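Data block below; observations after.
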Amino acid sequence: MGIAKVLKAREFKEGAQSFLEGKAPLDGDLNKEVTNIIAAVRSLGDQALWHYTRAFEKSIPHNFEVPLEAAREAWERLSREDPDLAGALDLSARQLRIFARLQREQYRDFEAELSPGIFAGQRVIPVERAAIYAPGGRFPLISSALMALIPALEAGVKDRYLVSPPQEGGLPDWRILAAAHLGSATRIFALGGAQAVAAFALGTDGIPKADLIAGPGNKYVAEAKRILFGEVGIDLLAGPTDVLIIWEAGEGPSIEGDAALAAADMIAQAEHDLDARARALVPDEAHAAALERALEAALVRLPDPAIARGSLEAGGLIIIYDSKEEAAELANLIAPEHLEVMTPRPGEWLEGPGALRNYGSLFLGRAAAEVLGDYSAGINHILPTSASARFTGGLSVRQFLKTPTTLRCEEGEAYQGALRAAEIIARAEGLGGHAASAALRKV
């Protein structure tokens, strides 16, 4: 028996609910704990923040706000001590900026005359204040700071607050500070967990109230964002990370050599944590067996394979499909965070009635490794999980923009017709004040 479960497409569809799992059911204890933290921050402000910081964090900051000078010094230190990492982060930042600018160009102000004398339009306005959360913990997410700061910068957000838990010396991880400098954070705060989300959602004496909170975090951060959504904007609610690889060996490489690429990308996802999900769709049992062998071989080469192995044993799947249409159906059902199409003609999967349509980010061809999306290719790695790619995309400049509409009217027949229609509909709904407002403007 292999490390990942192998099954036919029919078996997967019959047990889809158990295999997909969806979003985890509401954790009553987690919800109660986070609700209490939010209530404390709401009533006690900074006093509650200091209490939870002392209770939960590795070190206690002198002040929650970190001088921007510390970020500049961290960048200079990184450039001296680890020029390779500094150069890699600089490349990533440049790619992210180019891509974010192209995204921003897709959002524009417009006004159009819908009928004579009735002009409707939209304006594109960035939010004024955004808090960007960058997790610390076992794996400080240096790259996530750039992934959220740079779209906010390119969207035109005026105040961009980088927020990260205090580590050694009461400061965020020094490499996250370096990324904050590179990503042009306007203020920086050493604060973490649900209390950080509450602070920026509600505002305290020492913490500015934000319009939107973006960036990944642990289950406490995610739950706080879920509870406070409405009082503050959020990017999305991220759950365990996942990847789906549609793999079919081409004529060039051997099936064994090709399987190594698919296995490497599954393990790259599985090593995040035990809840991460790595899955593959393959056309026959020969592909499934080759992928199983490749997974075992790749795990042996990992310095510490325990997490990746545990993740694959818990939820790794290799699903054998009968046709391209069936594979696309399964992919759209799974709606993965990351979807790799490692087939001889990947572009064909985007055409026709059975096209791929549900994914957070799409990687076409063997060269388009998901790890490039994680770090350096310019697309964002903060993506929808738990099948939420069915209805949303990942973090982009879009989350930092508002598109309010406008209306301008000139006297004329079309204007009078719109007033009459408004009055009729208002009376049908029993809203006399609405009807009167329209009637007063009629001639």
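The values are calculated or read from the model by the stated rules, or taken from the named source; none is laboratory data. Remember, predicted model here, so these are calculated numbers, not experimental data. Here the Cβ positions follow ideal geometry from the backbone for every residue, glycine too, while neighbour counts run over all protein chains shown. Note: areas computed on protein heavy atoms with side chains; ligands, DNA, RNA excluded. Shrake-Rupley method; radii C 1.70, N 1.55, O 1.52, S 1.80 Å.
Per-peptide packing, taken as the mean over residues of other Cβ atoms within 10 Å, places 217-229, 166-178, 98-110 in the sequence 166-178, 217-229, 98-110 from highest down.
For the chain, take every pair of Cα atoms, bin their distances at 20 Å starting from 0, and report each bin as a whole percent. Final binned percentages: 22, 47, 26, 4, 0. Shown here is the pair-distance distribution of the range 171-241: with all Cα-Cα distances grouped in 5 Å bins from zero up to the longest one, the shares run 3, 16, 25, 24, 21, 9, 1, 0 percent. Considering only 132, 303, 406, and ranking their Cα positions along the charge dipole of the chain that arises from unit charges at the beta-carbon of Lys, Arg, Asp and Glu, the one farthest toward the positive end is 406.
Note on the range 378-436: semi-axes of the ellipsoid equivalent to its C-alpha gyration tensor, largest first and rounded to whole Å, are 42, 17, 9. Pop out the carbon and sulfur fraction of the accessible area of the range 174-278 as a percent, whole number, probe 1.4 Å. Exposed carbon and sulfur together represent 53 percent of the surface.
Adding -39500 (n - 2.57) for every DSSP H run of four residues or longer, then dividing by how many residues the chain holds, sets the calculated 222 nm ellipticity at -14000 deg cm²/dmol.
Normalised per residue, the accessible area of the range 266-402 is 40 Å², obtained with a 1.4 Å probe and no contribution from ligands, DNA or RNA.
Rounded to the nearest 20 debye, the dipole magnitude of the range 95-170 is 240 debye, with +1 charges on Lys and Arg beta carbons, -1 on Asp and Glu beta carbons, and the Cα centre as origin. By the Cα gyration tensor, the range 80-124 has an equivalent ellipsoid whose semi-axes, rounded to whole angstrom, run 45, 7, 4 from largest to smallest. Annotation note: GluC sites (Glu not before Pro) in the range 237-319 located in DSSP loop regions with a Cβ neighbour count of at most 16 within 10 Å are 251. In the chain, taking the dipole from charged Cβ atoms about the Cα centre, the farthest positive-side position among 40, 216, 363 is held by 40. Shape analysis of the range 59-103 based on the Cα gyration tensor places the equivalent ellipsoid semi-axes at 26, 17, 8 Å, largest first. To the nearest 0.05, how large is the calculated FRET efficiency for residue 436 and residue 293 if R₀ is 60 Å and r is the Cβ-Cβ distance? So the FRET efficiency works out to roughly 0.20. All Cα-Cα separations within the range 291-436 were binned at 5 Å from zero, giving a P(r) of 2, 7, 10, 13, 14, 11, 7, 5, 6, 6, 6, 5, 3, 3, 2, 0, each value a whole percent of the pairs.
Over every Cα atom in the range 220-273, the radius of gyration and the widest Cα-Cα span, Dmax, amount to 18.4, 55 Å.
Between residue 408 and residue 113, the contour length at 0.36 nm per residue exceeds the Cα-Cα span by 105.3 nm. The Kirkwood radius of the range 325-376, taken over pairs of alpha-carbon atoms, gives through the Stokes-Einstein law at 4 °C and 1.567 mPa s a diffusion coefficient of 115 µm² s⁻¹. Simple rule: put +1 on each Lys or Arg Cβ and -1 on each Asp or Glu Cβ in the chain, find the dipole, and look at 393, 341, 114; the Cα lying farthest toward the positive end is 114. Calculated FRET efficiency, residue 85 to residue 128, Cβ-Cβ distance, R0 = 41 Å: about 0.80 to the nearest 0.05.
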